[in-house]
Structure formats: structure tokens, C-alpha cells
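First comes the structure, then the notes that go with it.
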Amino acid sequence: MNIAGDLASVAPWREGQSIVVFLRHGERESVPSHEFPRHDAPLTHDGRRDAQSLGVKLGTRLGSVRSSPVPRCVDTARAVLVGAGRPTDVHEDRVLGDPGAFVLDGDRAMAALVELGFHPAAKRLGGGEQLPGFADPDAASGQMIALATSLLAGRPPAVHVLVTHDLILSTLVARIWGRALAEAEWPGYLHGVALWASGDCYMVQYSKTECAVPSRLTGATAKHLGA
């Protein structure tokens, strides 16, 4: 189920509070299982349609939209904006991809993914291991969360959408949960993590699992809750 369905079960959605959604891009053209998708691999017709439907669901609740600069993410963001009846200017943010918060050296990181295999490497990152070319997974997760929490204080309350990639999203979830994701938990197209402020902490929901963001990933950010 994509984030459009998950949002209905999130209390801040029903209560009209601000939420940040880290969203995997829409369905892209498929590639052979042993290959990595091209940087410019486009969205499919269904991927664009489903992203637009998400925008319709968000409607006037939609706040800011940011995206990885990778074309399939930018096109997802634009489709969400179209669905919500908004101008389609997209704020591109390299924290969300190309290379993203989790990558320090793109060439070394890609070499590590090729050598280890995509999902085995993702499992090790999710477990907290720093692989060649990659940032410390907790430090990078903290950077992602800081970006999200900076948007929550805006007024009026809104749903802010940050379009990113499955490796980034899966590692972020894994570090919040404190364990690598199982294959069945891997984020599909338009799956996402909802994050919101609650009392003196931040909460997230991924699929149907709700939990607090560990304090090790928020650092000084927690001091600004309610600011």
C-alpha cells in the first residue's frame, strides 16, 4: 500500500497537523534484475498517474514539495503538484539524492553496491555499517530528519513531501527501527515514511508501524519542538 492509504491511519492527518512525508518516487521503467536503473530511467504511465492521484488526495493540505534531482523523482514531484492543482516548480535538494545524504563519494559507493549486490549492501547500511563511499548511516539519517523537522514549524499546518529513492528510504527506516529491513518490508513505489511532532519527540509511521524517532538521530533538533 502506498503512502496515500497509510496517511488515513495517521492521527496527525485526521487532526490537521503538519506532517513530512519521505516518499519513494513513482513506478519507473523496469530493468533486468542484475542491472542498476539508469540515472534517467523515466516514470511509467502508471507511475505518473499514481503520483498525480496522490496529489489529488493531498489537495489543499499539500505544503512544500522537494525532490532528489534525479529525473524520475522530479517527475514524481511534478505529478503530485499537478494532482493538487499547484504550480509545478520543484525544489531540487541533493540531500534527497544525486548523491543524497548517505553518499560521500558516488564512484566508491557505486563500486561497493556492485561488489556486494544492491540488497546485501542495503541490509548492511540498514544495520548501521558504514560502507566505502557512504556516510555513517546514523549521521545521514540525522541529516534527513533535520531537513524534515525544519519544515514542521511552518504555518499553516501542511503535508510536506520529500521525494527520494528506495535505498535512502530503506536505510532511514532501518536506522529509526534499529534493524535492517526484511525483503517484505522494502519500500515499493510511492511508499513513504510520515514524520510529525508529538509532545517532546518526533514520531514516524512506515506502513502500519508507528514509533518514536530515537534521540540519537535527532540530537539538538528536539530542543526546537514547538518553535
### Query
What are the pairs, 6+ residues apart or on separate chains, where a residue within region 1-22 that is at pLDDT 85 or above has its Cβ under 6 Å from a residue that is polar (S, T, N, Q)?
VAL10/GLN205; PHE22/THR164
### Query
Do you know which of the residues in region 55-98 that are over 16 Å from the mean Cα position of the chain (by Cα) and part of a loop (DSSP other than H, G, I, E, B) is surrounded by the most Cβ atoms within 10 Å (Cβ to Cβ)?
ALA84
### Task
Working carefully through the options ALA184, ALA140, find the one that is in a helix (DSSP H, G or I), of a type outside the set (D, E, K, R), more than 25 Å from LEU58 (Cα to Cα) and at pLDDT below 95.
ALA184
### Task
Sort out which residues of region 28-85 are within 23 Å of GLY106 (Cβ to Cβ), modelled with pLDDT of 95 or more and hydroxyl-bearing (Ser, Thr, Tyr), and write them in order of number.
SER67, SER68, THR76
### Task
Could you tell me which of the residues SER150, SER207 is hydroxyl-bearing (Ser, Thr, Tyr), within 14 Å of PHE22 (Cβ to Cβ) and in contact (Cβ under 8 Å) with a residue 60 or more places away in the chain?
SER207
### Query
What are the residues in region 188-207 that are under 18 Å from LYS57 (Cβ atoms) and not in a strand (DSSP E or B), if any?
GLY188, TYR189, LEU190, HIS191, SER207
### Query
If HIS165 satisfies every condition in (1) closer than 28 Å to VAL82 by Cα; (2) in contact (Cβ under 8 Å) with a residue 60 or more places away in the chain; (3) out of contact with any His (no Cβ under 9 Å at 6 or more places or on another chain) but one, which is the exception?
(3)
### Query
Taking region 10-29 as the region of interest, how many residues are crowded, with 21+ Cβ neighbours inside 10 Å and small (Gly, Ala, Ser)?
1
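The values are calculated or read from the model by the stated rules, or taken from the named source; none is laboratory data. In this text, all values refer to a predicted model and were calculated from it rather than measured experimentally. Positions of Cβ are backbone-derived with ideal geometry, glycine not excepted, and every protein chain shown enters the neighbour counts.
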